[in-house]
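Scroll down for the structure; my scribbles are underneath it.
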Amino acid sequence: MLSHGQCETIDHLFSLMTTTQLMSGTARRVMTPLDRGAVVQVPASLLIDIPDASLYDVVILGAGCAGLSLCLAMVENGATGPILLVDSRTEYADDRTWSFWDVEPTRFTHLARARWNSWRVSTATEQVRSSARSTPYVSLAANDFYRDALTRLAEYPNVRMLVGEDAVGYSRIPDGVEVVTARFRVRGSQLVDSRGLRPTRAQLDDVAQRSTWVPQKFVGWHVVASRPVFDADEALLMDFDVDQTRGLRFGYVLPVSPREALVENVYLADVPVTESEHRAELESYLLDRFGLEPGSYRVTGDEHGNIPMTDHLFEQRPMPGVTVLGTLGGATRPSTGYAFLRIQRSSEETAMRLLGGSPETGRRRSVRVSLLDRVFLRFLADHPDRAPLVFARMFGRVAPASIVRFLSDRSRPSDAGRLILALPKLWFLHSALLVVLRLVVSRLATTGLLRDRRH
């Protein structure tokens, strides 16, 4: 296996292939998992130094999870016209871990490093366990994902990448959209913007007046212990038995083996937490929960993020010929922060639309699920101190199959009913009234604006 931090060339990628796996009717190469923290290089065959002056069929801004997933969905569904990916990075760091319940096939589920049939939510007073063998919780390493997607895209001669390039802006032109980067102008018949969400403080304040916004801030360590301390058969989704003085906080532990795990320190609160404070809290958590003192483990990689949990409706079609995808397009589940499955679904739908195989549908979200998300998010924002008990009730009193379907955007009306019955009604009633009132005020304001325009 490659040493920590070693970069791979495309030749190394192919040499690591060990077997094949049948997926969606085609042979899928399976590669040996990379060390956590290992960096992935872009295959040389994908790279260009100067973009073509001619018109690309599709230009994709941002070659992260959403951009790569869309591009792969397009070529694997038959796209043969020129596609250009533009990204500011020049190599791919192992910067995150995507986890989800295995409720449906995706192009990348075969990359899962670990699967857990059981999971746990802990509070200061109880341990709640549940399991579902038919829909395990799975985890994908970012570097495995990037390597797999880039290697597969390198097989298509119509796909090229322009790296180390920041997009300054874009505008409509007669035959499509023109993108302005730091050095070039690139034209495409269609543009997909998947660069992620980076709101300013002013934008956040504006959004907060019209919607609910709860940031999920975290720092995670990939820990290798000197002795077996982790339960590799169980994922610890939320451990609220930690100091809650600053705001709603929990530990998140995904054990890959008895000696190795991803351990995260997570805040569901808009509070300032420095890198050194996160480090101190992680060290304390490893000591208190697993008896690991500094020196009895090593950190092979880390990841950090600020996931926007919000019910704000982001614009998915800002102008003709432009599609917004990924976090910027509202792919993050408002009440949970999960995004991977939503990104895969929206990438497939967008690919089929761009290829002319499906109509322009825009956002399709269940009104029932959307309303529940809004209410739950409002509750988290207003009553963070009650959240540990609520999450424990959710996982403890709702059947595992129902809770998995709800958290994976596949819920039935009966699942929503079970969830509502399990939760404290009076606690949520106030949040529900605030959500409904905000929706009514927003609708009235929109109607009034339209009337003003008519006059």
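The values are calculated or read from the model by the stated rules, or taken from the named source; none is laboratory data. None of these values were measured; they are calculated from a predicted model. Using ideal geometry, Cβ is built from the backbone for each residue, glycine included, and neighbour counts are taken over all protein chains shown. What goes into the accessible areas is simple: the full protein's heavy atoms, side chains included, and nothing from ligands, DNA or RNA. Shrake-Rupley method; radii C 1.70, N 1.55, O 1.52, S 1.80 Å.
Residues that are in a strand (DSSP E or B), touching a residue at least 40 places away in the same chain (Cβ under 8 Å) and either open to solvent by less than 40 Å² (accessible area, probe 1.4 Å) or within 21 Å of residue 124 (Cα to Cα) (or both) within region 251-287 comprise 254, 255, 262, 263, 264, 265, 266, 267, 268, listed in sequence order.
Screening residue 20 on (1) assigned to a loop (DSSP other than H, G, I, E, B); (2) at pLDDT below 95 shows it passes everything except condition (1). Just so you know, in region 179-197 the residues that are open to solvent by less than 30 Å² (accessible area, probe 1.4 Å) and not charged (D, E, K, R) include one that is farthest from residue 59 (Cα to Cα), and it is 196.
Restricting attention to region 122-169, report how many residues are of a type in the set (A, V, I, L, M, F, W, C), within 30 Å of residue 249 (Cα to Cα) and out of contact with any Asp or Glu (no Cβ under 8 Å at 6 or more places or on another chain). Give the steps one after another, and end with the answer.
First, pick out the residues of region 122-169 that are of a type in the set (A, V, I, L, M, F, W, C): 124, 128, 132, 138, 140-142, 145, 149-150, 153-154, 159, 161-163, 167-168.
If we keep only those that are within 30 Å of residue 249 (Cα to Cα) as well, we get 124, 128, 132, 138, 140-142, 145.
Then keep just the ones that are out of contact with any Asp or Glu (no Cβ under 8 Å at 6 or more places or on another chain); that gives 128, 132, 140, 145.
The number of residues fulfilling the criteria is 4.
Checking each residue in region 288-299 for being more than 25 Å from the chain's Cα centre (by Cα) and outside any loop (DSSP other than H, G, I, E, B) picks out 288, 289, 290, 297, 298. Residues in region 65-88 that are of a type in the set (Gly, Ala, Ser) and over 23 Å from the mean Cα position of the chain (by Cα): 78, 79, 81. The one condition from (1) surrounded by 13 or more Cβ atoms within 10 Å (Cβ to Cβ); (2) at pLDDT 90 or above that residue 227 does not meet is (1). Residues in region 149-178 that are touching a residue at least 12 places away in the same chain (Cβ under 8 Å) and acidic (Asp, Glu) were compared, and the one that is surrounded by the most Cβ atoms within 10 Å (Cβ to Cβ) is 165. On the stretch given as region 75-106, residues that are of a type in the set (Lys, Arg) and either more than 23 Å from residue 191 (Cα to Cα) or open to solvent by less than 10 Å² (accessible area, probe 1.4 Å) (or both) total 1.
Of everything in region 112-148, what is among the hydrophobic types (A, V, I, L, M, F, W, C), without any contact (Cβ under 8 Å) to a residue 60 or more places away in the chain and open to solvent by 10 Å² or more (accessible area, probe 1.4 Å)? Give them in sequence order. Quick ask: steps written out before the conclusion?
Of region 112-148, the ones among the hydrophobic types (A, V, I, L, M, F, W, C) are 112, 114, 116, 119, 121, 124, 128, 132, 138, 140-142, 145.
Restricting the remaining residues to those that are without any contact (Cβ under 8 Å) to a residue 60 or more places away in the chain gives 112, 138.
Answer for region 112-148, where residues must be among the hydrophobic types (A, V, I, L, M, F, W, C), without any contact (Cβ under 8 Å) to a residue 60 or more places away in the chain and open to solvent by 10 Å² or more (accessible area, probe 1.4 Å): just 112.
Note on region 301-351: residues that are closer than 21 Å to residue 212 by Cα, surrounded by 17 or more Cβ atoms within 10 Å (Cβ to Cβ) and of a type in the set (Asp, Glu) total 1. With respect to the conditions (1) within 18 Å of the chain's Cα centre (by Cα); (2) farther than 29 Å from residue 403 by Cβ; (3) not aliphatic (A, V, I, L, M), residue 137 falls short on a single one, namely (2). When we screen 55, 72, 61, 46 for residues that are touching a Gly at 6+ places or on another chain (Cβ under 9 Å), open to solvent by less than 10 Å² (accessible area, probe 1.4 Å) and of a type outside the set (Gly, Ala, Ser), the only hit is 61.
One line per residue, one yes/no per condition, for (1) surrounded by fewer than 18 Cβ atoms within 10 Å (Cβ to Cβ); (2) within 22 Å of the chain's Cα centre (by Cα); (3) at pLDDT below 95:
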{"site": "207", "(1), (2), (3)": "yes, yes, yes"}
{"site": "213", "(1), (2), (3)": "no, yes, yes"}
{"site": "218", "(1), (2), (3)": "no, yes, no"}
{"site": "231", "(1), (2), (3)": "yes, no, no"}
{"site": "236", "(1), (2), (3)": "no, yes, no"}
{"site": "244", "(1), (2), (3)": "yes, no, no"}
